[in-house]
Amino acid sequence: MSGTIVKKAVGVETIGMTMRFGAFTALDDVSIKVPAGSFHALLGENGAGKSTLVKCMMGFYRPTAGDMLVDAREVAIASPKDASALGLGMVYQHFTLVPSLTGAENLVISREKVPGVIDWRKERAALAQFMQRMPFKLPLDVKVAELAAGEKQKLEIVKQLYLGRSFLVLDEPTSVLTPGEAQEVLGLVRDMTRTGDLTVLMISHKFHEVTAFADDITVLRKGRLTGTGKVSELSHKQMAAMMIGDQPIAALDSRAPVPAGARQVLTVKSLKAPDRTGLKSIDIGELDVKSGEIVGIAGISGNGQKEFLEVLAGQRARNAGDVLVKGSPYGASRSEARTLNVRFIPEEPLRNACAPRMTVAENMAFRTFDLNEAGKPVNWIRMSAIRDYAARLVEQFKVKTASLASPISSLSGGNVQRAVLARELTGEVDLLIVSNPCFGLDFSAVAEIRARIMKARNAGAAVLLMSEDLDELLELSDRIFVMSDGALVYETPIAQASVQTIGEHMAGHH
Amino acid sequence: MDATEIGLWGVPLAILGGAIRVSTPFIFVSLGEAITERSGRINLGLEGTLVFGAMTAYAVAVVTGSPWLGVLAAAGAGLCFGLFHGWICKFRGVNDIAIGIALMLFGSGLAFFFGKPFIQPSAPDLPAIAFGGWSNIPQVQAALNVNVLFLIGAALALFLWWAFRNTRAGLIVRVVGDSSDAARAMGLNPNTVRLLATGVGGALAGIGGAYLSLYYPGSWTERISSGQGLMAVALVIFARWNPLGCFAAALLFGGAGALGPALQSVGVTQGYYLFYAAPYILTLIIMIATSSPSRSLAGAPGELSITK
């Protein structure tokens with residue numbers, strides 16, 4: 001059985017890897033060297049060519065030019081099968097486990113050779129023996145759907161090791177984990193590289209992880225290798241410079257102090273609503289957000305933040321409780337949102353805040369298309385007014401689009417988010433509800449979007465910010481709540497906030 | 001002896017007998033559909049496959065004189081229909097539900113076309129085993145006269161339940177049905193697996209049709225199915241894609257279908273027509289009772305288009 005033998009770590013090298021898609025060069029003459037038993041980090045912005053490089057290495061793409069060396073011998077990798085035969089494996093950002101199968105079923109069925117009839121008694125014994133040599137402890141008889149994100153990520157890694165892989169590519173492995181889980185998983189993986197059982201190439205955005213766990217880094221920008229070196233000899237600033245080059249980064253406005261008598265804008269009282277499984281419910285005891293402050297809500301995804309947001313946005317019915325905006329009940333109707341100046345930036349804006357096939361101009365006019373200059377409803381819509389309005393916002397918010405008439409789905413993620421921000425932040429904003437605004441965006445877009453949110457706050461908007469990125473919350477919030485298991489379990493003003501304590505509450509250890 | 005002599009006991013007995021007799025096509029169609037849906041596709045065309053299977057089985061049995069050859073031919077015809085559905089659905093932008101409805105109409109129409117000359121001649125019946133020999137009450141004997149296909153169906157349900165957990169093929173079908181991405185990452189081709197699963201599902205539905213024309217009601221007419229193929233598809237959903245659940249639900253439906261005739265036989269003369277609607281009312285009640293506006297169906301294969 002292939003699964004029971006863990007091969008010793010292998011070293012991998014690419015020489016002059018180049019990948020062209022038509023006239024576009026995604027990867028330009030990139031050579032990296034990952035010695036056996038090392039923990040190597042691959043850094044770069046979105047679209048820098050990291051995943052192209054990795055896909056060339058794993059046989060998903062056929063590079064236009066360039067060679068691969070495994071253990072200093074030249075190899076031809078034409079398909080993922082060839083890669084796995086050489087012991088190269090990849091752990092994806094999204095999970096590739098089958099949710100309705102148990103851990104054991106997932107492991108066994110992913111094997112190259114599976115007997116026609118599976119003798120579970122024998123397999124269980126073999127799995128138990130295999131798991132004894134793993135640093136991870138996992139329940140294998142539970143459906144994967146019922147595992148926590150951290151456990152799933154561990155199971156993904158275990159699966160690769162079970163399949164006998166000894167060189168692993170980890171694609172942003174901690175994006176779904178709590179800080180504690182991330183520490184644990186990466187720590188265990190690093191221990192395996194230290195003992196020479198494994199070589200790791202990790203794609204990451206997070207400098208602190210890279211510094212804590214990696215031995216060496218390689219940085220890509222626009223398909224080119226822009227830097228490489230030992231982690232111990234590089235500062236975060238140097239790494240950032242290699243990643244983004246000399247493009248300007250929007251600076252965050254300094255935080256204006258919250259005025260003492262700031263009025264309460266959003267009040268949520270004993271709100272109860274069913275969650276998406278219908279088995280549990282979310283229960284928000286009391287939450288208020290004042291004018292001119294950002295209240296952040298931290299939590300691992302799946303702890304009720306999404307449901308809470310859906311209630312506030314009117315997408316989910318509530319069983320009990322009150323939502324008040326500036327003292328009047330708020331049911332998220334269009335007229336209420338208009339009179340109370342409530343604006344909303346949901347996560348994945350293309351899916352949740354846009355009509356993807358409608359044009360950029362139409363999408364940007366969703367809030368105002370049926371009003372005239374005086375703010376009164378109109379019966380006939382003037383396309384020219386919509387276009388003028390959109391043209392103004394596109395310039396003001398620097399949305400990069402081929403034309404106002406292109407469908408909004410043709411824009412890049414950062415520009416969709418800019419367009420949505422332009423729509424939501426124009427006019428008077430008293431309450432702004434934001435969820436994961438920077439997910440999947442690159443450095444400069446992230447900085448700009450955070451600066452816009454801070455600007456809205458300083459202009460007097462009350463901001464409720466839900467984010468899975470703790471760094472983002474720490475950077476922007478005035479107060480932070482932690483949501484766990486459908487309830488707000490912890491509150492701290494930013495001055496006293498500690499990652500450690502927040503992480504513990506996120507994991508539900510209190 | 002006649003029905004009045006065992007009195008009202010005749011009703012549960014008739015329901016039991018009806019459950020065994022009427023449920024067989026439901027069992028086969030729903031097991032077939034369970035396999036197809038577990039692989040992530042829905043085939044609504046099984047109604048058409050059922051009717052075409054009934055016609056094929058009857059015609060082959062008339063010509064060859066062997067009912068078993070008829071069953072085999074029906075399975076073969078069903079396999080072709082299933083493979084056709086699976087093949088069309090692999091193309092981009094094709095909707096499995098729409099194709100299913102088209103195949104449902106196509107299958108029925110084709111069966112009527114080829115079946116015209118076979119409405120008159122009579123075909124040999126499938127054999128049944130008399131489990132009621134210990135009793136001298138004719139109602140008991142009639143109720144326990146069990147067709148071989150029913151027993152095969154029961155065994156098949158048990159086998160599929162086991163196979164979904166304990167065989168490579170079973171696990172592969174579940175993997176493909178739950179996550180195409182995971183399947184591709186394992187080097188499986190979801191389209192091939194679904195093609196085969198839809199083919200097997202069609203073959204089983206064909207056998208269900210053979211039972212209709214070769215045993216109960218036992219002749220070929222154009223109204224032979226009256227929507228049983230469609231009901232079996234609904235049945236899979238509230239059996240939660242579990243083969244044993246399909247079997248139990250099929251029995252329940254068979255029993256409910258026998259309620260009307262049973263009441264009629266003990267002399268209830270008023271309103272028994274209403275009881276003919278029992279299976280349909282039961283479908284509605286169970287569907288409403290087991291679903292919820294705020295929660296998605298537990299146990300649904302992740303790739304199924306109706307539950308996505």
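The values are calculated or read from the model by the stated rules, or taken from the named source; none is laboratory data. Owing to the predicted nature of the structure, the values given are computational and were not obtained by experimental measurement. Neighbour counts are summed over all protein chains in view; Cβ atoms, including those assigned to glycine, are modelled from backbone coordinates with ideal geometry. Heavy atoms of the whole protein, side chains included, go into the accessibility calculation; ligands, DNA and RNA do not. Shrake-Rupley method; radii C 1.70, N 1.55, O 1.52, S 1.80 Å.
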Exercise for review: Select, from B:Leu156, B:Leu195, B:Leu230, B:Leu212, the only residue that is more than 14 Å from chain A (Cβ to nearest Cβ), in contact with a Gly (Cβ under 9 Å, 6 or more places away or on another chain) and open to solvent by 10 Å² or more (accessible area, probe 1.4 Å).
Suggested key: B:Leu195
Check your understanding: Does B:Pro243 fit the bill of being open to solvent by 20 Å² or more (accessible area, probe 1.4 Å) and under 21 Å from B:Asn147 (Cβ atoms)?
Key -> no
Exercise for review: Can you work out which of the residues in segment B:109-142 that are open to solvent by 70 Å² or more (accessible area, probe 1.4 Å) and assigned to a helix (DSSP H, G or I) is modelled with the lowest pLDDT?
Suggested key: B:Gln141
Study note, to complete from the structure: Going through (1) part of a helix (DSSP H, G or I); (2) open to solvent by less than 50 Å² (accessible area, probe 1.4 Å) one by one, B:Ala248 fails only at (2)
Revision key, fill the gap. Exception for A:Lys137 within (1) under 16 Å from the mean Cα position of the chain (by Cα); (2) without any contact (Cβ under 8 Å) to a residue 12 or more places away in the chain falls at (1)
Point to revise | Index of the failed condition, A:Asp82 passing every other in (1) modelled with pLDDT of 85 or more; (2) surrounded by fewer than 18 Cβ atoms within 10 Å (Cβ to Cβ); (3) closer than 25 Å to A:Phe213 by Cβ; (4) within 14 Å of chain B (Cβ to nearest Cβ) | key: (3)
Review point. Among the residues of segment A:96-107 satisfying the criterion of being out of contact with any Phe, Trp or Tyr (no Cβ under 7 Å at 6 or more places or on another chain) and more than 8 Å from chain B (Cβ to nearest Cβ), which is farthest from A:Val176 (Cα to Cα)?
Key: A:Ala104
Practice item. Mind counting the residues in segment A:247-297 that are within 14 Å of another protein chain (Cβ to nearest Cβ) and part of a loop (DSSP other than H, G, I, E, B)? Key: 6
Exercise for review: Return yes or no: is B:Gly48 part of a helix (DSSP H, G or I), touching a helix residue (DSSP H, G or I) at 6+ places or on another chain (Cβ under 6 Å) and either more than 22 Å from B:Ile152 (Cα to Cα) or of a type in the set (Asp, Glu) (or both)?
Suggested key: yes
**Study point:** Selection count, segment A:64-79, where residues are more than 13 Å from chain B (Cβ to nearest Cβ) and either in a loop (DSSP other than H, G, I, E, B) or among the aliphatic types (A, V, I, L, M) (or both)
**Key:** 11
Review point. Hey, does segment A:199-220 have a residue that's more than 14 Å from chain B (Cβ to nearest Cβ), over 30 Å from A:Glu428 (Cα atoms), open to solvent by 30 Å² or more (accessible area, probe 1.4 Å) and hydroxyl-bearing (Ser, Thr, Tyr)?
Key: yes
Revision key, fill the gap. In segment A:326-365, residues that are in a loop (DSSP other than H, G, I, E, B) and buried (at least 16 other Cβ atoms within 10 Å of the Cβ) total 9
Check your understanding: Restricting attention to segment A:108-139, and to residues there that are of a type in the set (A, V, I, L, M, F, W, C) and within 11 Å of chain B (Cβ to nearest Cβ), which single residue is farthest from A:Gly187 (Cα to Cα)?
Key -> A:Val117
Check your understanding: Given the conditions (1) in contact with a helix residue (DSSP H, G or I) (Cβ under 8 Å, 6 or more places away or on another chain); (2) open to solvent by less than 30 Å² (accessible area, probe 1.4 Å); (3) free of Cβ contacts under 8 Å to residues at least 24 places away in the same chain, which single one is not true for A:Gly229?
Key -> (1)
Point to revise | Selection from segment A:298-325 of residues that are of a type in the set (A, V, I, L, M, F, W, C) and in a loop (DSSP other than H, G, I, E, B) | key: A:Ile300, A:Ala313, A:Ala317
Exercise for review: Can you confirm whether segment A:111-124 contains a residue that is in contact (Cβ under 8 Å) with a residue 24 or more places away in the chain and buried (at least 16 other Cβ atoms within 10 Å of the Cβ)?
Suggested key: yes
Point to revise | In segment B:160-182, the residues that are in contact with a Lys or Arg (Cβ under 9 Å, 6 or more places away or on another chain), more than 7 Å from every other protein chain (Cβ to nearest Cβ), without any contact (Cβ under 8 Å) to a residue 12 or more places away in the chain and open to solvent by less than 20 Å² (accessible area, probe 1.4 Å) | key: B:Gly170
Point to revise | Complete set of residues in segment A:101-138 that are at pLDDT below 90 and in contact with an Asp or Glu (Cβ under 8 Å, 6 or more places away or on another chain) | key: A:Pro135, A:Leu138
Review point. Just one of the numbered conditions (1) touching a strand residue (DSSP E or B) at 6+ places or on another chain (Cβ under 7 Å); (2) away from chain B (no Cβ under 14 Å); (3) free of Cβ contacts under 8 Å to residues at least 60 places away in the same chain; (4) among the basic types (Lys, Arg) is not true of A:Arg334; which one?
Key: (1)
Review point. How about segment B:241-285: which of its residues are polar (S, T, N, Q), in contact (Cβ under 8 Å) with a residue 24 or more places away in the chain and within 20 Å of B:Val11 (Cβ to Cβ)?
Key: B:Ser265
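Yes/no matrix, rows are residues, columns are (1) of a type outside the set (D, E, K, R); (2) touching a helix residue (DSSP H, G or I) at 6+ places or on another chain (Cβ under 8 Å); (3) open to solvent by less than 30 Å² (accessible area, probe 1.4 Å); (4) on the phi > 0 side of the Ramachandran plot:
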| site | (1), (2), (3), (4) |
| --- | --- |
| A:Gly223 | yes, yes, yes, yes |
| A:Ala260 | yes, no, no, no |
| A:Thr267 | yes, no, yes, no |
| A:Ser291 | yes, no, yes, no |
Point to revise | One residue from A:Lys8, A:Lys55 being of a type in the set (Lys, Arg), under 13 Å from A:Leu168 (Cα atoms) and free of Cβ contacts under 8 Å to residues at least 24 places away in the same chain | key: A:Lys55
Review point. Just a yes or no: is a residue in segment A:154-167 within 12 Å of another protein chain (Cβ to nearest Cβ) and either part of a loop (DSSP other than H, G, I, E, B) or of a type in the set (Phe, Trp, Tyr) (or both)?
Key: yes
Review point. Which one is surrounded by the fewest Cβ atoms within 10 Å (Cβ to Cβ) among residues in segment B:183-192 that are within 8 Å of another protein chain (Cβ to nearest Cβ) and outside any helix (DSSP H, G or I)?
Key: B:Gly187
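Let's see how each residue does on (1) more than 16 Å from A:Ile453 (Cα to Cα); (2) without any contact (Cβ under 8 Å) to a residue 24 or more places away in the chain; (3) β-branched (Val, Ile, Thr):
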| residue | (1), (2), (3) |
| --- | --- |
| A:Ser384 | yes, yes, no |
| A:Asp388 | yes, yes, no |
| A:Gln396 | no, no, no |
| A:Ala405 | yes, no, no |
| A:Arg418 | no, no, no |
| A:Leu421 | no, no, no |
| A:Glu424 | no, no, no |
Exercise for review: Considering (1) open to solvent by 10 Å² or more (accessible area, probe 1.4 Å); (2) modelled with pLDDT of 95 or more, say which one B:Ala14 fails and leave the rest.
Suggested key: (2)
